[in-house]
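Comments concern the structure below.
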Amino acid sequence: MADTEKLIPDARHERTDIGERFIWAAAALLLGLLIGCALLARWLYPQSLSDATLILPLPVYPAPRLQPDPAADMRAFHAQELRQLDSTGWVDQAHGVVHIPIADAMRIVEREGIPGWPAPKAPP
């Protein structure tokens with residue numbers, strides 16, 4: 001029985017798949033494409049490499065100053081938006097459209113659902 005066993009040769013590299021020349025040519029082609037894309041991007045966007053950072057302090061522009069304190073204006077705007085989100089009022093009184101606080105709207109949707117929306121499945 002031992003005489004009939006076949007000997008399996010050691011694993012080795014298959015030299016007929018892809019030659020070394022093909023691999024080097026593919027690598028050179030990829031490098032050429034990469035360089036070509038970089039040059040094309042540089043040609044299409046010539047100002048992309050210029051330094052466009054602002055030099056501080058910023059210049060003071062003459063009157064009328066339209067926004068003397070942008071940070072305070074943003075805080076006031078944010079506070080006004082939050083007041084509107086947390087209050088009730090008319091959006092369009094002629095058509096009967098109102099706005100309500102978000103928490104109230106979520107409770108109503110939870111209680112009544114959304115028309116045309118599939119109802120949640122009951123737990124087993």
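Looking only at the range 72-82, decide whether some residue is acidic (Asp, Glu), surrounded by 10 or more Cβ atoms within 10 Å (Cβ to Cβ) and within 31 Å of the chain's Cα centre (by Cα).
Within the range 72-82, the subset acidic (Asp, Glu) is 73, 81.
Cutting the leftovers down to surrounded by 10 or more Cβ atoms within 10 Å (Cβ to Cβ) gives us 73, 81.
Now narrow it down to the ones that are within 31 Å of the chain's Cα centre (by Cα): 73, 81.
Yes: the range 72-82 contains one or more residues that are acidic (Asp, Glu), surrounded by 10 or more Cβ atoms within 10 Å (Cβ to Cβ) and within 31 Å of the chain's Cα centre (by Cα).
If you go through the range 19-50 and pick out every residue that is assigned to a helix (DSSP H, G or I) and either open to solvent by less than 60 Å² (accessible area, probe 1.4 Å) or among the small types (Gly, Ala, Ser) (or both), you end up with 9.
Taking the stated definitions as given, is Arg65 part of a helix (DSSP H, G or I) and open to solvent by 100 Å² or more (accessible area, probe 1.4 Å)?
So Arg65 fails the test.
The residue pairs whose first member lies in the range 100-112 and is closer than 13 Å to Arg83 by Cα, whose second member is open to solvent by 90 Å² or more (accessible area, probe 1.4 Å) and in a loop (DSSP other than H, G, I, E, B), and whose beta carbons are closer than 6 Å, counting only pairs six or more residues apart or on different chains, are Ile100/Thr88; Pro101/Asp86.
The values are calculated or read from the model by the stated rules, or taken from the named source; none is laboratory data. Please read all numbers here as calculations on a predicted model, not as lab measurements. Here Cβ is always computed from backbone atoms with ideal geometry, including for glycine, and neighbour counts include all displayed protein chains. For accessibility, only protein heavy atoms count, side chains too; no ligands or nucleic acids. Shrake-Rupley method; radii C 1.70, N 1.55, O 1.52, S 1.80 Å.
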